[in-house]
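Reviewing the structure listed below.
Please treat every number below as a calculation from the coordinates, not as lab data. It should be emphasised that the depicted structure is a prediction, and the values quoted were computed from it without experimental measurement. Counting neighbours? That spans all protein chains shown, and the Cβs are built from the backbone with ideal geometry, glycine included.
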Amino acid sequence: MQFERRGRRRVVVTGLGIVSCAGIGLDAFFEGLNGPAPDGERRVHDFDPSPWFDVKQARRADRFQQFSVAAAQMALDDAGELDADPARAGVVFGTGVGGLQTLEDQIQVLLEKGPRRVSPFLVPMLMANAGAAAISMRFGWRGPCETIVTACAAGTQSIGAAYRIVASGRCDVVMSGGAEAAITPVALAAFRNMTALSSSGESRPFDRRRDGFVMGEGGGALVLEDLEHATRRGARIYAEVLGAASTADAHHITAPSPGGAGALACMELALEDAGIVAKDVRHINAHGTSTPLNDLAEAEAVEKLFGSPTPPVTSLKGVTGHSLGAAGAIEGVAAALTIDRGQIPPTAGLEDLDPEIHLDVVTGAPAAFEGGVVLSNSFGFGGHNGTIVLSSI
Amino acid sequence: MDNEAAFDKFKSCAVEVLQVPEEKITPGARFSDDLEADSLEVVELVMALEEAFDITVEESELEGVETIGQAFDLVTSKL
């Protein structure tokens, strides 16, 4: 597909990496998305940092940083020999909160043993940019290295920001994505007390009985590369990034704007950025958290933009739960795999579509994807909206 | 505690914190060159030693401490 690029360089996805409760590595992950949904919190139970960290390094890296590095290294390995100028290679890696478990542990140390026992490594383990920084150090990449912290929109917005850095010509390659490891006692209590978490413990995106999200964790990474650079080195191309957008609701710190106005504006802007129109879109990888408010607002926005029927919509969160700042990155990896493998994963947990929601949701079994354009949405507390537009090439 | 027992205890702290083989913990071993320990790791080691030996080491006392032997002498001077 060729579009008017307005002087921008074309950007493609040439490497993918994933750490998710659905699977570690692309094949296990994409297979795992076909369900069944696990019970309870979606922890990555079988994650072992040892392929990426020696014992000393692992002890000095919070779990979210371990996910960041593991996903990024897998994506780099997947991309093959990049042959990129380190000064023109960058990192944009998001998270919702950073090293929260480390902070909680060290607060416990402070209370029990006093300030002299607080770890000198707390700050570099806690800081939200620890993941991005570790990636740049590991790869020796000296271009822009930035962290986007926009709650549950961080992963998608990081991919969007990375896209713009490559499209503008500043970098030839950028490692983008996000990671989160915030299934901690304090975070669980806080999300529960704000009634965001499912009291039934079931993640049921778009279902009539949905009652909140289930906490997830993980990391996703995408190598974004200038098309000419990728072509010159004979890279395998998963998908093209046609465009991206970020908007703010400017409405409420946790509730989406009425009628999904902010989400709608974001998707419209992303289509315009990509130089396409709504009827070009063949699939939407939804935010679909399984909270009553989010799913309704997102559905209203999608229905307004696409009419009826909508393109096939799926939410991975029936399987993955909601991995906050990693969600958009994990879903970005899935969207690229949908394009590459011609398959849309179903929405696990959805049995009884909310009668107020008129989306064409993929359920039960994966649906075939015949090629074309995919949108991936993320919306975060704070009113942050992010959309990326991927396409077959 | 005799000197040998104290050094064994010191050594096990260093092995645990710095993640280096026991045989590298010798009096002449330098933190930065031989043990690949940066300043934060030395601080972490001192914290472990304070706990193990029930002593207090002030930050100013660490100035000029570059080897295992110097650190061990500092610890034993407080026992």
Interchain or long-range residues, amide H under 5 Å from B:Ala37's placed H: B:Ser32
Summing -39500 (n - 2.57) over every DSSP H run of at least 4 residues in chain A and dividing by its residue count gives a helix-only mean residue ellipticity at 222 nm, to the nearest 500 deg cm²/dmol, of -10000 deg cm²/dmol
With each pseudo-label sitting 7 Å past Cα toward Cβ, what's the B:Thr26-A:Ala255 distance in nm, one decimal? 7.1
Most mobile of A:Ala28, A:Ala327, A:Ala153 per a Gaussian network model of chain A (Cα springs, under 10 Å)? A:Ala28
Per-residue mean of C-beta atoms belonging to partner chains within 10 Å, peptide A:46-57: 1
Express in whole angstrom the spacing between the alpha-carbon centres of region A:343-375 and region B:1-60. 58
So, R0 is 56 Å and r is the distance between the beta-carbons of B:Thr56 and A:Glu228; what FRET efficiency does that work out to, to 0.05? 0.35
What whole number of Å gives the distance from the Cα centroid of region A:266-312 to the Cα centroid of region A:1-64? 24
Could you pull out every residue, at least 5 positions away or on a different chain, whose amide H is within less than 5 Å of the one on A:Val92? Hs are placed 1.01 Å off N in the peptide plane, and Pro or chain starts have none. A:Glu146, A:Met175, A:Ser176, A:Gly177
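Using helices alone, what [θ] at 222 nm do you get for chain B, with -39,500 (n - 2.57) per DSSP H run of 4 or more residues, divided over all residues and rounded to the nearest 500? Present the calculation step by step, with values, prior to reporting the outcome.
Working: 3 runs with 40 residues, N = 79.
Rounded to the nearest 500, it is -16000 deg cm²/dmol.
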Residue by residue through region A:232-245, the couplings from Karplus 6.51 cos²θ - 1.76 cosθ + 1.60 with θ = phi - 60°, in Hz, x for Gly and Pro, are 4, 9, x, 6, 6, 10, 7, 6, 9, 8, 7, x, 7, 8
In a Gaussian network model over chain A where Cα atoms closer than 10 Å are linked, find which of A:Glu112, A:Glu180, A:Glu81 has the largest mean-square fluctuation. A:Glu112
Would you list which lysines come within 28 Å of B:Lys9, measuring only between C-alpha atoms, while excluding same-chain residues fewer than 8 positions from it? A:Lys56, A:Lys113, B:Lys24, B:Lys78
Within chain A, which whole H helices from DSSP have a Cα span along their axis of at least 18 Å and a mean Kyte-Doolittle hydropathy of -1.0 or more, if any? A:63-79, A:100-113, A:154-167, A:261-274, A:292-306, A:327-341
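For a Förster distance of 35 Å, can you work out the FRET efficiency between the beta-carbons of A:Ala189 and A:Glu356, rounded to the nearest 0.05? Kindly include the intermediate steps, with their values, before the conclusion.
Numbers: r = 31 Å, r/R0 = 0.88.
Approximately 0.70, to the nearest 0.05.
FRET efficiency for A:Ala58 and A:Arg8, Cβ-Cβ distance as r, R0 = 41 Å, nearest 0.05?
On the way: r = 40 Å, r/R0 = 0.98.
The value I calculate is 0.55.
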Can you give me the long-range amide H partners of A:Thr254? Hydrogens built in the peptide plane at 1.01 Å from N, cutoff under 5 Å, separation of 5 or more residues or another chain. A:Gly382
